[in-house]
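Undergrad: The structure is given below, and queries will be raised subsequently.
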Amino acid sequence: MDLKFYNTLTRKKEDFVPIDPKLVRMYSCGPTVYNYAHIGNMRAYVFMDTLRRVLTYAGYKVKSVMNITDVGHLLSDADDGEDKMEKSAREQKKTPKEIADAISAQFFDDLKALNINRPTVTPKATDNIPEMIEIVVALLEKGYAYETDDGIYFSVEKFPRYGQLSGINLDDQKSGARVEVNDQKRHPADFALWKKAQPNHIQQWDSPWGMGFPGWHIECTAMSNKYLGSPFDIHTGGIDHIPIHHENEIAQSECWLDKKCVNYWMHGEFMLFDGGKMSKSLGNCYLLSQLNEMGYSAMDFRYFCLNTHYRQKLNFTFDTLAASKTAYNRLLTLLRQHFDSDVRTEERVLKAFDDEFNAAISDDLNVPMALGVLWKMLKLPKSKDVCLLAQKWDAVFGLNLDKLPQPEKQQVNAPQEVIDLAEERLVARKNKDWAKSDELRAKIKASGYDVKDTATGYELSKS
Ligand code: AMP
Ligand code: ZN
């Protein structure tokens, strides 16, 4: 299968050619674990997961890395403000590690509920500090960085290609800059590689520049290079990362290693709430657990995400989530009906649908279109073959299409006491208690019903 991806760097859809023909190496910017990840964040990880699933479906082995930022991400992108982890720790009267452990555990639970396959490696920034210091030392030695009273900064003017990913212009930034908080910075876009710590900063490490902690951007350069090597194939993140975080990653890695370090940059668009920004201050950053409490499952939400292409804004409203829930349940019901039919579908017909599915997912992960192909296929006359093909595609969708609802027939018409007998008989059969099973069959019969065993349970009909 030939894949095409939209590369933010070249602003084009390109043929995907991995460095190693068999193994794809990808890196995704992970969460800063100071607060629970909301459903907007989760959309970013559904995108990461879809990419990995499509690569795997296309036959590649994938090594994927997603970092956990547990230090150094400051409140402001201009390298000032408090460290997000330290702020949470102070407010909750806990240590940054306690916060990071609790938030990370919840995060991985959410990924699991959403069928987001855990990346191969999920390194923590605090476990990779020596690697970060080594890069900062090298950048200073090569003249790309300089020391100020409060840290080590990267000099963006030393990297002529700075701005290539986002199209920003350094001269415009200079003239339009607000009054700098840090007057030792040589250019407003210069960014901290390392910050010297105030005594009250809880997480700090010894370095050639005294006690301190890393800047957020250097974390991703250190961990991607350590676990994937350079260059690697794909780097993902949300679109908010393009202008600063990823621009800075490119600058520092290319200056450190004297080569291009990432071949494809892919970015997921944002989730909006009622057409506007999702923000904690507006109180509209819902968590997956809150959706659950309102009766929406993780799969309802995953289906909702998959219905919009990753490069398009996705407007979250409860009406559209409810519509997704209905559609998802309908999908499962239809699949069950196909599963229960022994009618065959012609190979040629199935192949045409399969080709259409492959064309959709290989065209820059067009999963909404692939879902369209699925719905179209479900309109075919009921046939188990249709269900089996849909279940094969679920390697890409990750929608639990193998977990079909109980056959509808068993619920209809039969009174509850007969269903109870049939359920009891199902348990007896699972326990190979045939005598009890026969006894229950007789009771069901005496109530005027016949019970038939099926692959997934039983079917009741009037005698
Ligand atoms: P953070 O923990 O804030 O660094 O964000 C984690 C990930 O979620 C990043 O990849 C962001 O780009 C992404 N993200 C944040 N807010 C949204 C949103 N509203 N919609 C989609 N992705 C988001
Ligand atoms: Zn990153």
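Undergrad: Which members of the range 101-154 meet the condition of being among the hydroxyl-bearing types (Ser, Thr, Tyr) and out of contact with any Gly (no Cβ under 8 Å at 6 or more places or on another chain)?
TA: Ser104, Thr120, Thr126, Tyr144, Tyr146, Thr148, Tyr153
Undergrad: If you take just the helices (runs of 4 or more DSSP H) that sit entirely in the range 358-462, which of them hold at least 3 residues that are in contact (Cβ under 8 Å) with a residue 24 or more places away in the chain?
TA: 367-378, 384-397, 408-411, 416-430
Undergrad: I need every pair where a residue in the range 188-203 that is closer than 15 Å to Met85 by Cα has its Cβ under 8 Å from the Cβ of a residue that is among the hydroxyl-bearing types (Ser, Thr, Tyr), sequence separation at least 6 or different chains.
TA: Ile202/Thr95; Gln203/Thr126
Undergrad: Related question: Quick check on the range 248-259: of everything there that is away from ligand 1 (no atom under 14 Å from the Cβ) and of a type in the set (Asp, Glu), which residue is most open to solvent (accessible area, probe 1.4 Å)?
TA: If we take residues in the range 248-259 being away from ligand 1 (no atom under 14 Å from the Cβ) and of a type in the set (Asp, Glu), then Asp258 is most open to solvent (accessible area, probe 1.4 Å).
Undergrad: Does Asp274 meet the test of being surrounded by fewer than 24 Cβ atoms within 10 Å (Cβ to Cβ), modelled with pLDDT under 95, under 16 Å from the mean Cα position of the chain (by Cα) and within 30 Å of Lys325 (Cβ to Cβ)?
TA: Values: surrounded by fewer than 24 Cβ atoms within 10 Å (Cβ to Cβ): yes; modelled with pLDDT under 95: yes; under 16 Å from the mean Cα position of the chain (by Cα): no; within 30 Å of Lys325 (Cβ to Cβ): yes.
Answer is no for this residue.
Undergrad: Go through Asp15, Asp49, Asp77, Asp83 for me and flag whichever is open to solvent by 40 Å² or more (accessible area, probe 1.4 Å) and away from ligand 1 (no atom under 12 Å from the Cβ). It would help to see each step written out before you state the result.
TA: Details: Asp49 fails: open to solvent by 40 Å² or more (accessible area, probe 1.4 Å); Asp77 fails: away from ligand 1 (no atom under 12 Å from the Cβ); Asp83 fails: open to solvent by 40 Å² or more (accessible area, probe 1.4 Å).
Answer to the selection: Asp15.
Undergrad: Which condition number in (1) assigned to a loop (DSSP other than H, G, I, E, B); (2) exposed (fewer than 15 other Cβ atoms within 10 Å of the Cβ) is the one that Ile116 fails?
TA: The single condition Ile116 does not satisfy is (2).
Undergrad: Considering only residues of the range 234-247 that are more than 20 Å from the chain's Cα centre (by Cα) and within 12 Å of ligand 2 (Cβ to nearest atom), which is surrounded by the fewest Cβ atoms within 10 Å (Cβ to Cβ)?
TA: Per the criteria, the residue is Ile244.
Undergrad: Of the residues Trp265, Trp256, which is aromatic (Phe, Trp, Tyr), closer than 30 Å to Ser155 by Cα and assigned to a strand (DSSP E or B)?
TA: Step by step, each of Trp265, Trp256 is checked, and only Trp265 is aromatic (Phe, Trp, Tyr), closer than 30 Å to Ser155 by Cα and assigned to a strand (DSSP E or B).
Undergrad: Is one or more of the residues making up the range 122-141 under 30 Å from Leu291 (Cα atoms), open to solvent by 20 Å² or more (accessible area, probe 1.4 Å) and at pLDDT 95 or above?
TA: yes
Undergrad: What residue, of Ala100, Ala89, Ala78, is more than 16 Å from ligand 2 (Cβ to nearest atom) and in a loop (DSSP other than H, G, I, E, B)?
TA: The unique qualifying residue is Ala78.
Undergrad: Right, here's the next one. Suppose we filter Ala44, Ala58, Ala37 for residues that are surrounded by fewer than 24 Cβ atoms within 10 Å (Cβ to Cβ), near ligand 1 (Cβ under 8 Å from one of its atoms) and of a type in the set (A, V, I, L, M); which single one remains?
TA: Checking each option against the conditions leaves just Ala37.
Undergrad: Would a scan of the range 211-225 turn up a residue that is exposed (fewer than 13 other Cβ atoms within 10 Å of the Cβ) and away from ligand 2 (no atom under 16 Å from the Cβ)?
TA: Step one: list which residues in the range 211-225 are exposed (fewer than 13 other Cβ atoms within 10 Å of the Cβ), which gives none.
No - not one qualifying residue is present in the range 211-225.
Undergrad: If you take the residues of the range 260-278 that are among the aliphatic types (A, V, I, L, M) and within 14 Å of ligand 1 (Cβ to nearest atom), which of them is farthest from Leu51 (Cα to Cα)? Let's see the steps before the verdict.
TA: Keep residues of the range 260-278 that are among the aliphatic types (A, V, I, L, M), which gives 262, 266, 271-272, 278.
Within this subset, residues satisfying the condition of being within 14 Å of ligand 1 (Cβ to nearest atom) are 266, 271-272, 278.
Details: Met266: 10, Met271: 18, Leu272: 21, Met278: 24 Å.
Residue satisfying both the conditions and the ranking: Met278.
Undergrad: Right, here's the next one. Between a residue in the range 149-165 that is polar (S, T, N, Q) and any residue that is open to solvent by 60 Å² or more (accessible area, probe 1.4 Å), which pairs come within a Cβ distance under 7 Å, given they are 6 or more apart or on different chains?
TA: Going by the 7 Å Cβ cut-off, the qualifying pairs are Ser155/Arg186.
Undergrad: For residues that are basic (Lys, Arg) and in a loop (DSSP other than H, G, I, E, B), scanning just the range 290-333, find the one that is least open to solvent (accessible area, probe 1.4 Å).
TA: The extreme case among them is Arg311.
Undergrad: For Pro405, only one of the following conditions fails: (1) modelled with pLDDT under 95; (2) surrounded by 14 or more Cβ atoms within 10 Å (Cβ to Cβ); (3) touching a Lys or Arg at 6+ places or on another chain (Cβ under 7 Å). What is its number?
TA: It is condition (2) that Pro405 fails.
Undergrad: Now for a different question. Among the listed residues Lys313, Lys325, which satisfies the condition of being among the basic types (Lys, Arg), more than 16 Å from Lys376 (Cα to Cα) and away from ligand 1 (no atom under 15 Å from the Cβ)?
TA: None of the other options fit; the residue is Lys325.
The values are calculated or read from the model by the stated rules, or taken from the named source; none is laboratory data. Please read these numbers as outputs of a predicted model, since none were measured by experiment. Neighbour counts run over all protein chains shown; Cβ positions are idealised from the backbone, glycine included. Keep in mind that these areas ignore ligands, DNA and RNA; they rest on the heavy atoms of the full protein, side chains included. Shrake-Rupley method; radii C 1.70, N 1.55, O 1.52, S 1.80 Å.
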